[in-house]
1. Report yes if I187 is modelled with pLDDT of 85 or more, farther than 28 Å from S166 by Cβ and assigned to a helix (DSSP H, G or I), otherwise no.
2. In the set E227, E201, E177, which member is part of a strand (DSSP E or B), acidic (D, E) and surrounded by fewer than 16 Cβ atoms within 10 Å (Cβ to Cβ)?
3. For the stretch 32-49, which residues satisfy the criterion of being surrounded by fewer than 19 Cβ atoms within 10 Å (Cβ to Cβ) and part of a helix (DSSP H, G or I)?
4. So, in the stretch 115-136, exactly how many residues are under 14 Å from N198 (Cα atoms) and either touching a Leu at 6+ places or on another chain (Cβ under 8 Å) or modelled with pLDDT under 95 (or both)?
5. Look through E48, E21 and report the one residue that is farther than 28 Å from F167 by Cα, in the same structural domain as V136 (by TED's automatic domain parsing) and without any contact (Cβ under 8 Å) to a residue 12 or more places away in the chain.
6. Given the options G140, G122, name the one that is over 26 Å from L26 (Cβ atoms) and either touching a residue at least 40 places away in the same chain (Cβ under 8 Å) or in contact with a strand residue (DSSP E or B) (Cβ under 7 Å, 6 or more places away or on another chain) (or both).
7. Quick check on this structure: which one of K32, K106, K59, K15 is at pLDDT below 95 and in the same structural domain as N175 (by TED's automatic domain parsing)?
8. Quick one: N149 ticks every box in (1) over 17 Å from the mean Cα position of the chain (by Cα); (2) over 25 Å from N77 (Cα atoms); (3) without any contact (Cβ under 8 Å) to a residue 40 or more places away in the chain bar one, so which box is it?
Amino acid sequence: MSKVAVIMSVYKNDKFSYLQEALDSLYNQTQKADIFIQQDGWIPQEIENLLDNALAKKKIAYLGKRDNNIGLAGSLNELLNVVLLEYDYIVRMDADDISVPYRIEKQVAFLEAHKEVQALGGWIEEFNMDTGEKQVVRYGENHEVLKQNLMRRNPMAHVTLCFRSSFFDTISSYNIEKLNEDFDMWIRALKKEVKLHNLQEVLVKVRTNNAFFARRKNIKRAIEVMELKFDATRTFGFGIKGYAYAIAHLLLFMSPSWLKSYLYKNLRG
């Protein structure tokens, strides 16, 4: 049977109850996987105790500890260095999301049947912790559609990804210089014609709240996305339309939160 590793980074702002739910969703998978966690700097004592106990009870396979915070991309790279030589598939998971029970089983089965696909994602269901609202965010299915989607949006939900380990032989690791490390990775993968795919169903439930859009007003991140889209436009020949989408995305990032919320709800699902 293929060996599957889940990689997760935990940092100081993660909540105890959310992390417990995230871990429970992995413990209860219909196909089991070994869980590898990196502590990205100092974390609250109750969270550290939770992880220490999980390791002692062998609910998780590995717990890396580090005093300084280096960010998500660096933490994931550290975990990749631990798992790549031993595991066939690598599943991404955030510390505050919930994987549906059959997620890993379905992703591994698809990759076993479609050897050409190197990275497999799916849809997410966002649920607002303040209002109770839910929204399914759908992503395109096949390789060519995902390439075209680079022009408008991030073509894959990072939290849903299951990678074939050989993906990283071609693409290498996450770029720690990027704030949008996942979008950068998809561009690099598509430049090399690495095959990507999304299952057309919800794989992960993702928390949001009313402060979500206010937190996203980050000019440095917005400029980086624009530059990445310029790169994709030049590479894949999107033309004037590609540059227009890139500039529009920058303006959207800097718009009022109410406008971002409206467009996000009505244009993404």
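1. Details: modelled with pLDDT of 85 or more: yes; farther than 28 Å from S166 by Cβ: no; assigned to a helix (DSSP H, G or I): yes.
No; evaluated as a whole, the condition is false for this residue.
2. Numbers: E227 fails: part of a strand (DSSP E or B); E177 fails: part of a strand (DSSP E or B).
Being part of a strand (DSSP E or B), acidic (D, E) and surrounded by fewer than 16 Cβ atoms within 10 Å (Cβ to Cβ) holds for just one of E227, E201, E177, which is E201.
3. Taking the stretch 32-49 first, the residues surrounded by fewer than 19 Cβ atoms within 10 Å (Cβ to Cβ) are 32, 34, 41-42, 44-46, 48-49.
Hits for the stretch 32-49 are Q45, E46, E48, N49.
4. 8
5. Details: E21 fails: without any contact (Cβ under 8 Å) to a residue 12 or more places away in the chain.
After applying the criteria, what remains is E48.
6. Working: G122 fails: over 26 Å from L26 (Cβ atoms).
Of the residues listed, the single one that is over 26 Å from L26 (Cβ atoms) and either touching a residue at least 40 places away in the same chain (Cβ under 8 Å) or in contact with a strand residue (DSSP E or B) (Cβ under 7 Å, 6 or more places away or on another chain) (or both) is G140.
7. Values: K106 fails: at pLDDT below 95; K59 fails: at pLDDT below 95; K15 fails: at pLDDT below 95.
Just one listed residue meets the conditions, K32.
8. Going through (1) over 17 Å from the mean Cα position of the chain (by Cα); (2) over 25 Å from N77 (Cα atoms); (3) without any contact (Cβ under 8 Å) to a residue 40 or more places away in the chain one by one, N149 breaks only (1).
The values are calculated or read from the model by the stated rules, or taken from the named source; none is laboratory data. Just so it is clear, the structure is predicted and the values come from calculations on it, not from any experiment. Every residue, glycine as well, gets a Cβ built from its backbone with ideal geometry; the counts of neighbours run over all protein chains shown.
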